[in-house]
Amino acid sequence: MQAVQPMLEFRTCPVDEQPAAGLVRGMRDEIAAIYEGLVLDGPQMPRATAAEVGPPDGTFVVGYEAGVPVCCGGVKRLPDGACEIKRMFVVADARGRGVARALLETLEQRARDLGYVVARLDTGPRQPRAQRMYERAGYVPIANFNANPVASFFGEKRL
């Protein structure tokens, strides 16, 4: 049986403003729990600052379901002209219904709209469902492109 596609509305929102900031805080808390205290903005971690996931080279979106913010994610320019999909997060109550897939598709479209032809992303060893979703979406394994010391899967896709 196939999951019913959720009715989502995606809106651009600066990562450091509400509701994006609250969703990202939820993601940070979850990552810290999954990876025993990991600080997502720690000095060894890849960055996704408001400037990097904002205009002109990036974007950040929040997905709403029935007017409630349920997911977020961003697009960041990489030095070689590709983009990286960053800070994807879906609230627990919205998981398992295709929200993450719809978010990924929206971020890929936003990346295309910004002129990118290659997208990259990563995920860690304790997030196998994320890795499976990325692989099903066409991301192929590549070398560590962003020096993320926690990630175990680095993927790339032509948009």
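What follows is calculated from the coordinates using simple rules that are stated; it is not laboratory data. Since we're looking at a predicted model, the values are computed, not measured. Note that we place each Cβ from the backbone using ideal geometry, even for glycine, and neighbour counts take in every protein chain shown.
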Query - Spatial separation of Cα centroids for the stretch 99-159 and the stretch 4-74, in angstrom - result: 15
Query raised in the report: How large is ³J(HN,Hα), in whole Hz, for each residue of the stretch 78-85 in order, when computed from phi with the Karplus curve 6.51 cos²θ - 1.76 cosθ + 1.60 and θ = phi - 60°, using x for Gly and Pro?
Result: 9, x, 8, x, 7, 10, 10, 8
**Report entry** Calculated Cα extents along the principal axes in Å (choose from [x] 96, 35, 24; [y] 119, 57, 23; [z] 37, 37, 36), label
**Finding:** [z]
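All other residues with a Cβ under 9 Å from the Cβ of Arg77 taken together, and with Lys, Arg as +1 and Asp, Glu as -1, what is their net charge? Show your work: numbers first, answer last.
Details: positive: Lys76; negative: Glu52, Asp57, Glu84.
Every neighbour counted, the sum reads -2.
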Report task. Using only alpha carbon pairs under 8 Å that are at least six residues apart, calculate the relative contact order of the stretch 9-158 and give it in whole percent. Result -> 20
**Report entry** Residue order, fewest to most beta carbons within 10 Å, for Glu105, Glu52
**Finding:** Glu105, Glu52
Query raised in the report: Short version: ³J(HN,Hα) in whole Hz for each residue of the stretch 49-58, in order, from phi by Karplus 6.51 cos²θ - 1.76 cosθ + 1.60 (θ = phi - 60°), x for Gly and Pro, what are they?
Result: 6, 4, 5, 6, 9, x, x, x, 9, x
Query raised in the report: When the chain is treated as a GNM, springs tying every alpha-carbon pair under 10 Å, which of Ala32, Ala82, Ala102 comes out with the largest mean-square fluctuation?
Result: Ala32
Requested in this report: Please build a GNM for the chain, connecting alpha carbons under 10 Å apart, and tell me which residue among Arg47, Arg129, Arg77 fluctuates the most.
Outcome: Arg129
